[in-house]
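See structure below.
Read-outs: derived from the displayed coordinates by stated rules, not from any lab. Nothing here was measured: the structure is a model prediction, and the numbers come from that model. All Cβ positions, even for glycine, are placed from backbone atoms using ideal geometry, and neighbour counts span all protein chains on display.
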Amino acid sequence: MKPLLILVAAIFLNNASQAKEKDFFDDQERGWFWREYIQKNDAVKKENKNGQSEQKSTDVLKKQGAELEESLSKAIIEPTQENIQDYIVKTKIVVDRASQFSKEYEQFLWVHPEFDATLESPYSTDAVIAKQEEKRKTQGKILKKISEDYGILFFFSSTCGVCQRFAHILKTFSSENEIAILPISLDGRPLLEFTDFKVNNNLVRTLNVTITPSLFLLNPKKNRITPLSFGYSDIDELKRKTIGAYEKISNDL
């Protein structure tokens, strides 16, 4: 191998010296005219301690995948015992390597919990239930705090089918979290769950209410208001949206 490398190097150096002897106008095929670039050092394969070139890990995996695919194709086209055995052996190598990776990955997370995403988003049934209960408790505390200073403006129309279905959910949400609801009718008519309502066309125009149902979170003490929700929402969505609107209006204060 070394004599070959020396020969190639000698040829390269000989060509280079000849190129230098030529006048620029006699050698236009070289250089920038043909976009000739010098090979960068990082493009050359690295050598290990034994002087042997090291392949990139991605190249190793690509080669292994190509060999496995070729082995499978050959076993299908020519299903001899030898070809099938070759495919099984190559498959086992890949599976064993993947299993080793999975094992090391799992053991790493055991001692480095800061990288374990399942602690925040668990997938086991018991852990998911526990996480949901913890989330509900946290939401309950925040909603309790919201109920002390905030209310919800509920814009609706008596002929709106979504409003009629949503009214029951909003009423339940209000009762469970003790958050006051201020219903405002756009057509001057009530809903079954909200017979005590107001008509305020000026507020409708000010907030540019064009969709029903529409909800706005209101802090009457500080005269602050922010959009909360438009259209239908279930109770869980309503909780998240209310907390989100509260955080927004708090940050703006």
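Near residue 181, the amide H atoms lying under 5 Å from its own belong to 152; only residues 5 or more places off or on other chains count, and H is placed 1.01 Å from N. Here the spin labels are modelled as points 7 Å beyond Cα on the Cα-Cβ line, and at residue 232 and residue 77 they lie 5.7 nm apart. Remark: spin-label model distance residue 141-residue 211 equals 3.2 nm, labels positioned 7 Å along the Cα→Cβ axis.
Past the 30 Å Cα-Cα mark, which pairs from 103/137; 135/171; 135/198; 198/241?
Over 30 Å apart, Cα to Cα: 103/137; 135/198.
Our estimate of slack between residue 224 and residue 123, defined as 0.36 nm per intervening residue step minus the Cα-Cα distance, is 32.4 nm. Taking amide H as placed 1.01 Å from N in the peptide plane, the amide H of residue 228 sits under 5 Å from that of 215, 216, 217, each at least 5 places away or on another chain. With the simple model of a label 7 Å out from the Cα in the direction of the Cβ, residue 199 to residue 162 spans 2.4 nm. Full extension of the chain between residue 104 and residue 66 yields a length gain of 11.2 nm, computed as 0.36 nm times the residue separation minus the alpha carbon distance. Counting charges near residue 226 (Lys, Arg +1; Asp, Glu -1) among other residues having Cβ under 13 Å from its Cβ returns a value of +2. Computed from the Cβ-Cβ distance with R0 of 30 Å, the FRET efficiency linking residue 56 to residue 92 stands at 0.80. Of the GluC sites (Glu not before Pro) in the stretch 120-214, the ones in a loop by DSSP (not H, G, I, E or B) with at most 14 other beta carbons within 10 Å are 120, 178.
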